[in-house]
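Report on the following structure.
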Amino acid sequence: MNYIFIGLAFVVILVILVLIGLRIKPKPFPTYPGQTPPLETIALPADLPTPVTRFFQQVYGDQVPVIDSAVISGRAKMRVGGLTFPGRFRFTHKAGLDYRHYIEATIFGIPIMKVNESYLDGNSRLELPFGVTEGEPKINQAANLGLWAESIWFPAIFITDPRVHWEAVDDKTATLFVPYEGGEETFVVRFDPQTGLVQIFEAMRYKEAGDEAKSLWINEALDWSEIKGTHIPTQGAVTWFDEGSPWAVFTIEEIEFNVDVDEYIRSKGL
């Protein structure tokens, strides 16, 4: 009987320790060594749908910066196996072309799972502790949508990239078309009627390599703040519609534009 009591006590203590550990945020990653230079700009086009024009005027005014790279760092909450872990991340982009994700899930601020994910030259690679997925066509489609959804952190690309175009839906919604393998993919973009800022990006995306059908994938901007002289969504939630709640919430703490990422984007880890 004493052994049973001791065992139960041990389990209770272990659960309490895990719950405490999951409440402790990791330290942020070290600051990226490059710094944003002065940015060239182009005039905001005059032929955009009404809510799109309002959005870009809110974020940039009448001059839109030309951004060719970005390094985005911050901390996150991520649901893995039914538990929500704190974590930290660094996302590196060659705007509209490639990305690399480095993510750490932590407990007591200590990394217990590291994710190296990339989408380079049109091919995706996902390295997890329990396996590697690479070159799967449906994951490539998903990664391309991820590339463009994350571009909301430097939305100028939606104006300056000639492969991208907008179509009107109504006074608070527009359709965004982005390139993919010689064709296009589509986002439905919903704007906050009060602020004019982007509120939701929606797309149909493959969830797993073996899925027969796409799933509704929702990216929601929870908060906007000014960084580097421009408004960006500093907190965003990512939700698969069939799961009903966000699997991840990312909070931006640092961002640098137009820095050299040619080698860094093809490396691993921090």
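Convex hull volume of the Cα atoms of the chain, normalised per residue: 151 Å³.
Between the amide H of VAL66 and those of GLU40, THR41, ILE42, distances stay under 5 Å, these residues lying 5 or more places away or on another chain, with hydrogens modeled in the peptide plane. Going from the fewest other Cβ atoms within 10 Å to the most, the residues TRP166, TRP153 appear in the order TRP166, TRP153. Could you pull out which residues in the stretch 32-65 have an amide N less than 20 Å from a spot 7 Å beyond the Cα of HIS231, following the Cα-Cβ vector? Taking a point 7 Å out along Cα→Cβ of HIS231, the residues of the stretch 32-65 whose backbone N falls under 20 Å are 42-65. Angle of helix 2-21 to the longest C-alpha principal axis of the chain, folded into 0 to 90 degrees and rounded to 10: 20°.
A Förster radius of 25 Å, combined with the Cβ-Cβ distance separating GLN57 from GLN35, puts the computed FRET efficiency at roughly 0.40. Of all aspartates and glutamates in the structure, those lying under 16 Å Cα to Cα from LYS138, and not within fewer than 8 positions of it along the same chain, are GLU117, ASP121, GLU181, GLU184, GLU185, GLU208, ASP211, GLU212. Of the Cα atoms belonging to the stretch 108-182, the radius of gyration and Dmax stand at 16.1, 47 Å.
For the stretch 139-241, GluC sites (Glu not before Pro) are listed when DSSP marks them as loop and at most 13 other Cβ atoms sit within 10 Å of their Cβ; the list is GLU181, GLU208, GLU212. Does anyone have the angle between helix 137-150 and the longest principal axis of the chain? Alpha-carbon axes, 0 to 90°, nearest 10? Taking Cα atoms only, the helix is inclined about 70 degrees. Once the C-beta distance of THR186 and ASP260 is scaled by a Förster radius of 35 Å, the resulting FRET efficiency is 0.60 to the nearest 0.05.
For HIS165, the residues whose modelled amide H falls within less than 5 Å of its own, excluding neighbours fewer than 5 places apart on the same chain, are PHE177.
With θ taken as phi - 60° and the Karplus curve 6.51 cos²θ - 1.76 cosθ + 1.60 applied, the whole-hertz 3J(HN,Hα) list for the stretch 119-131 is 9, 10, 6, x, 10, 9, 8, 10, 9, 10, x, 10, x Hz, x standing for glycine and proline. Contact order, relative form, for the chain: 20 percent (alpha carbon pairs under 8 Å, 6 or more residues apart, mean separation divided by residue count).
Cβ-to-Cβ counts within 10 Å put TRP224, TRP240 in ascending order as TRP240, TRP224, the fewest first. Considering the chain as a Gaussian network with a 10 Å cut-off on Cα pairs, which listed residue, VAL178, VAL198, VAL80, attains the greatest mean-square fluctuation? Result: VAL80 has the largest fluctuation of those listed.
A cut-off of 5 Å between modelled amide H atoms, ignoring neighbours fewer than 5 places along the same chain, links SER215 with ARG205, TYR206, LYS207. Residue by residue, the stretch 187-193 carries 3J(HN,Hα) couplings of 10, 8, 10, 10, 10, 5, x Hz when phi is fed to the Karplus relation 6.51 cos²θ - 1.76 cosθ + 1.60 (θ = phi - 60°); x denotes Gly or Pro. For the stretch 107-238, the orientation-averaged shadow of the C-alpha convex hull comes to 10.3 nm² (one quarter of the hull surface). 3J(HN,Hα) along the stretch 23-39, derived from phi through the Karplus expression 6.51 cos²θ - 1.76 cosθ + 1.60 where θ = phi - 60°, amounts to 8, 8, 6, x, 5, x, 5, x, 4, 5, x, x, 10, 5, x, x, 9 Hz, with x in place of Gly and Pro.
The numbers here are math on the coordinates, done by the rules we state, and not lab data. Here the structure is a predicted model, which is why all the values come from computation and not from measurement. Heads up, the Cβs are rebuilt from the backbone with ideal geometry, glycines too, and the neighbour counts pull from every protein chain shown.
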